[in-house]
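Every number in this text was worked out from the coordinates using simple rules, so none of it is lab data. Computed from a predicted model, the values in this text were never measured in an experiment. Because the Cβ atoms are built from the backbone with ideal geometry, glycine has one as well, and the counts that use them run over all protein chains shown.
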Amino acid sequence: MLKEFKQFIERGNVIDLAVGVIIGGAFTNIVNSLVSNLINPLIGLFIGQIDLSNLVLKVGGATFKYGAFINTVINFLIIAFIVFLLVKAVNKVTRPKPAEQKSAQPTSEDYLKQIRDLLQAKNNL
């Protein structure tokens, strides 16, 4: 079992995943700072409050902190957009171009198809 665990850890996917989680955590802190220090004050200029997380709705004894929810939604949208851009860039770099996929030289499969067609034509005569 220890050997299997070692093989599992040594695979590149696990290490890549660990790096992704660490970078994602650091990136989340950056986005949180962006939202709370730059975007919220900008939105606050239009609605009259600087800190959106203080926006609450009190109904009876319940307090609904919809400002904190707005902050979380803004954070999510920024992170989702950045991840979309990263995936799009990686796909563009790693995806082979259509011209590169098919070479100008015939493959052995092409030759075999030609031989098959010739044999079929000969047998039909």
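Here Val14 and Leu86 are evaluated by their C-beta separation; at R0 = 30 Å the FRET efficiency comes out at 0.90. Among complete DSSP H helices in the chain, those whose alpha-carbon atoms stretch at least 18 Å along the helix's long axis and whose mean Kyte-Doolittle hydropathy reaches 0.5 are 12-34, 66-94.
Computed over the range 14-72, relative contact order equals 22 percent, with contacts defined as Cα pairs under 8 Å that lie 6+ residues apart. Rounded to the nearest 20 debye, the dipole magnitude of the chain is 240 debye, with +1 charges on Lys and Arg beta carbons, -1 on Asp and Glu beta carbons, and the Cα centre as origin. As a length-normalised measure over Cα pairs under 8 Å and 6 or more apart, the relative contact order of the chain settles at 13 percent. Only helices enter this figure: runs of n ≥ 4 DSSP H residues, each worth -39500 (n - 2.57), summed and divided by the residues of the chain, yield -23500 deg cm²/dmol at 222 nm to the nearest 500.
Once the Kirkwood radius over Cα pairs is known for the chain, the Stokes-Einstein relation at 37 °C and 0.692 mPa s delivers a diffusion coefficient of 157 µm²/s.
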